[in-house]
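Report on the structure given below.
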Amino acid sequence: MQFGINHYWKPTPRKVRLIADSLLAAVTFSASIMSLNGNVTVGTALFIIGFIAKVVSNFFTQGNKVPRKRKPIVKK
């Protein structure tokens, strides 16, 4: 697995996407509960943390999985 700015537009591995989406869902739920209970600053901070985690997850990509070119079979 690789991490870098250049990997933003490349496909993100499935496990990383699942973890990031789960984290975002949990943070969104807890931040909305905190905001509704009167702790707006804590709720806002949680929203920001979840958003940053989701954006950072897009910078991960799988290793160099470039298909190798096969040599043509030549029958003699």
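Rule-based calculations on the coordinates, nothing more; no lab input. Just so you know, these numbers come straight off a predicted model, no measurement behind them. As a convention, Cβ positions derive from the backbone with ideal geometry for all residues, glycine included, and neighbour counts pool all protein chains shown.
Counting only chymotrypsin sites (Phe, Trp or Tyr not before Pro) that sit in a DSSP loop (anything but H, G, I, E, B) with at most 13 other Cβ atoms within 10 Å, what is the longest stretch of the chain containing none of them?
Details: sites that count: Tyr8, Trp9.
The reported range is 10-76.
At 222 nm, what value in deg cm²/dmol follows for the chain if DSSP H runs of at least 4 each add -39500 (n - 2.57) and the sum is divided by all its residues, to the nearest 500?
Details: 2 runs with 41 residues, N = 76.
Value at 222 nm, helices only: -18500 deg cm²/dmol.
Relative to a virtual label point 7 Å from the Cα of Tyr8 in the Cα→beta-carbon direction, which members of the stretch 30-62 show backbone nitrogen distances below 13 Å?
Under 13 Å, as judged by backbone N against the label point of Tyr8, lie 55-60 of the stretch 30-62.
If you line up the long axis of helix 40-57 against the longest principal axis of the chain, both from Cα atoms, how many degrees apart are they, to the nearest 10?
Between the helix axis and the principal axis of the chain, the angle is about 0 degrees.
If you take the charge dipole of the chain about its Cα centre, with +1 on Lys and Arg Cβ and -1 on Asp and Glu Cβ, which of Val74, Ala45, Phe29 is farthest toward its positive end?
Going by the charge dipole, the pick is Val74.
For helix 14-36, report the angle its Cα long axis makes with the longest principal axis of the Cα atoms of the chain; keep it between 0 and 90° and round to the nearest 10°.
10 degrees
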